[in-house]
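Peer 1: The structure that follows is given in the form of structure tokens.
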Amino acid sequence: MSPILLYSLIFVVKVFEVSLATLRIVLITKDERLKGAFIGFFEVIIWVLVVSAVLQNITEDPFKIIVYALGFAVGNYLGKVLENCLAIGDTNIEVITRKLDGKKMSNHLRFNGLAVTSVNAYGMNDKRQILYLHVPRKNVKNTVRIIREFKNDCVITINDIKPVYGGYQGIRK
């Protein structure tokens, strides 16, 4: 096999393998253990094949190490891009707004099909309302857009969460 073809193959397969690893880690942290284990099985097979190709005659062709490392780096980057596209899991969005705006905003969000829980709170100089929303990660940008269009000066925090059970729009049963 020509060196250029070998380098290209090592690079492409390593990128694919590390992208799978990134996806596997995300699935496991999102409590999707069976899917993560399934991906892990194929990930290890690919890893063994790539490593054996890199280690073969490594002293005569150390450039394979550079190609392998580059594939690893690019695979991490592309794996995260892939994971962002898939947007696996759920997100908690917390909105802190003035008490006077909280009820109206809750109704506005509910009108847009979102489940909202509100809690009275106290800020430094004013009464506040904290709104909690659990949404699929795929809907985060649209949800934030709806909030900002209604009231632009509220505080919004976003956190990934493990699976949610029950509730108005119960994500898992």
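Peer 1: Compute and list, largest first, the equivalent-ellipsoid semi-axes of the chain from the alpha carbon gyration tensor, each √(5λ) rounded to a whole angstrom.
Peer 2: After diagonalising the Cα gyration tensor, the semi-axes are 48, 17, 12 Å.
Peer 1: With labels modelled as points extended 7 Å from the Cα through the Cβ direction, what inter-label distance (nm, one decimal) is found for K80 paired with D31?
Peer 2: Result: 2.6 nm between the two label points.
Peer 1: How high is the relative contact order of the chain, given as a whole-number percent (alpha carbon pairs under 8 Å, six or more residues apart)?
Peer 2: 24 percent
Peer 1: How large is the convex hull of the Cα atoms of segment 1-84 per residue, expressed in Å³ as a whole number?
Peer 2: Here the figure is 77 Å³ per residue.
Peer 1: Okay, next question. Express the accessible area of the chain per residue in Å², computed with a 1.4 Å probe while the remaining protein chains stay in the model.
Peer 2: For the chain, the per-residue accessible area is 64 Å².
Peer 1: Further question: Stretch I46-L100 to full length: gain in nm at 0.36 nm per residue minus the Cα-Cα span?
Peer 2: 13.7 nm
Peer 1: Ok, one more. Given the Cα-Cα distance of N107 and L5 and 0.36 nm per residue of separation, how much length would full extension add, in nm?
Peer 2: Between N107 and L5, full extension yields 30.7 nm more.
Peer 1: Any chance you could run the full-extension gain for A73 through M124? It's 0.36 nm times the residue separation minus the Cα-Cα distance, nm to one decimal.
Peer 2: 13.8 nm
Peer 1: Using θ = phi - 60° and the Karplus form 6.51 cos²θ - 1.76 cosθ + 1.60, what ³J(HN,Hα) does each residue of segment 63-71 get, whole Hz, x for Gly and Pro?
Peer 2: Karplus-based 3J(HN,Hα) across segment 63-71 equals 4, 4, 5, 5, 5, 4, 5, 5, x Hz.
Peer 1: So how tilted is helix 3-29 from the main axis of the chain? Cα-based, degrees 0 to 90, rounded to 10.
Peer 2: Approximately 30 degrees, to the nearest 10.
Peer 1: Report, in listed order, any pair from K30/K141; K14/K162; K127/K151; K138/K162; K80/K103 with a Cα-Cα distance greater than 26 Å.
Peer 2: K14/K162; K80/K103
Peer 1: Expressed as a whole percentage, what fraction of the accessible surface of the chain belongs to carbon and sulfur atoms when a 1.4 Å probe is rolled over the protein heavy atoms?
Peer 2: So the carbon and sulfur contribution to the accessible surface is 64 percent.
The values are calculated or read from the model by the stated rules, or taken from the named source; none is laboratory data. All of these numbers come straight from a predicted model, not from anything done at the bench. As a convention, Cβ positions derive from the backbone with ideal geometry for all residues, glycine included, and neighbour counts pool all protein chains shown. The accessibility values were calculated without ligands, DNA or RNA, using every heavy atom of the protein model including side chains. Shrake-Rupley method; radii C 1.70, N 1.55, O 1.52, S 1.80 Å.
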